[in-house]
Every structure is written in structure tokens, then in C-alpha cells.
1. So, in region 1-39, of the ones that are within 17 Å of the chain's Cα centre (by Cα) and among the small types (Gly, Ala, Ser), which residue ends up modelled with the highest pLDDT?
2. Looking for something touching a Lys or Arg at 6+ places or on another chain (Cβ under 6 Å), over 12 Å from residue 66 (Cα atoms) and in contact (Cβ under 8 Å) with a residue 12 or more places away in the chain - is there at least one such residue anywhere in region 110-120?
3. Residues of region 122-150 being at pLDDT below 95 and of a type in the set (A, V, I, L, M, F, W, C), which ones?
4. Return the only residue of 67, 33, 28 being surrounded by fewer than 16 Cβ atoms within 10 Å (Cβ to Cβ), of a type in the set (Asp, Glu) and in contact (Cβ under 8 Å) with a residue 12 or more places away in the chain.
5. For residue 86, indicate whether it is assigned to a loop (DSSP other than H, G, I, E, B) and buried (at least 21 other Cβ atoms within 10 Å of the Cβ).
Amino acid sequence: MAGKIRKNKDITIGKKRFPNWKAPEVRERAMNEYHWMVQYKDKFKLGKYTDIGAFTYINAKNGVVLEDGVQVGSHCSIYSYSTVDGLEGEVVLKENCKIGAHSVISPGVTVGKNSIVGAFSFVKDNIPANVVAFGIPAKVMRKLRKEEIS
């Protein structure tokens, strides 16, 4: 089962963007009101003030955790299990990280706190906190400056 989501009182960006945020209803293999879906919903953990774009697919067979303030662009795929190569593992998107549209997150990957993954990236390895990463496969391009960290 996926890990427990940390409580953090300093999620200011998410609160500003969504002052009346409420968790969407997540049904098994069905689009929700925001047009994204989860398979294995019982192993999916969603933090507060998250934003997931339309047509994103989340396979949580081995657990997927989206911590507070996470943003996932439209048309992304997050896999905790891959039938192609047999990879398995929990996926964790740490607090305030951002995943660009059309990106793919592989099983067992953690994206660090505040990190930004560029659009159309394939993330097959962990991404540390406070960096910008992109590409196929995604690679760290630089560290975020203090003023860029929200």
C-alpha cells in the first residue's frame, strides 16, 4: 500500500490557486469530473491542492502517491506497473513538484520536492528535489534558484 501523505501547512501556491480545493471523486477505471482516471484506486493517495490535467492515466497497482501541491499536466501517464518490461514499484511525486504535459513516469520513480519535469519527458529514474529535468530519458538540467522555489 502507498505511503502516508505528509501534512504541510506551508503549501501556499496551491492554496492561492485553489482556495476552495476539494478532493475529486476517484472511481476505479473511470474518468472523474476533471477527465483523468486511476486504475487500482485503493493504492492511490492524493494530497491536498493537487492539480491533474485532463486525460491523464494513473496505474497505481504498486502504489502512487501525489503529495500536497503536486501539478501534473494533461495527457500524462503514471505507471507503477509496466506490462511491457515487467517493471514494478511505487511512484511518489513529492510536494510541489510539477510534471509537464504528455510526460510518462515509469514504475518505482520518485520526483523530488519542488522539482519541475518538462513537457513530453520520459522519467525512468528518480529526480532529486529542487531541479529542472526534461528529455527522453529525463535528465537533470539545472538546480532551481531560491527565488524559483515556491
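The values are calculated or read from the model by the stated rules, or taken from the named source; none is laboratory data. Predicted model, so just to flag it, every value in this text is computed and none were measured. With ideal geometry, Cβ positions are generated from the backbone for all residues, glycine too; neighbour counts draw on all protein chains shown.
1. Among those residues, the one meeting the criterion is 23.
2. Yes, the conditions are met somewhere in region 110-120.
3. Within region 122-150, just 149 meets the criteria.
4. Matching residue, one of 67, 33, 28: 28.
5. No.
For every residue, the table says whether it meets (1) assigned to a loop (DSSP other than H, G, I, E, B); (2) hydrophobic (A, V, I, L, M, F, W, C); (3) within 25 Å of residue 18 (Cβ to Cβ); (4) at pLDDT 95 or above.
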{"residue": "48", "(1), (2), (3), (4)": "yes, no, yes, no"}
{"residue": "54", "(1), (2), (3), (4)": "yes, yes, yes, yes"}
{"residue": "74", "(1), (2), (3), (4)": "yes, no, yes, yes"}
{"residue": "95", "(1), (2), (3), (4)": "yes, no, yes, yes"}
{"residue": "102", "(1), (2), (3), (4)": "yes, no, yes, yes"}
{"residue": "114", "(1), (2), (3), (4)": "yes, no, yes, yes"}
{"residue": "120", "(1), (2), (3), (4)": "yes, yes, no, yes"}
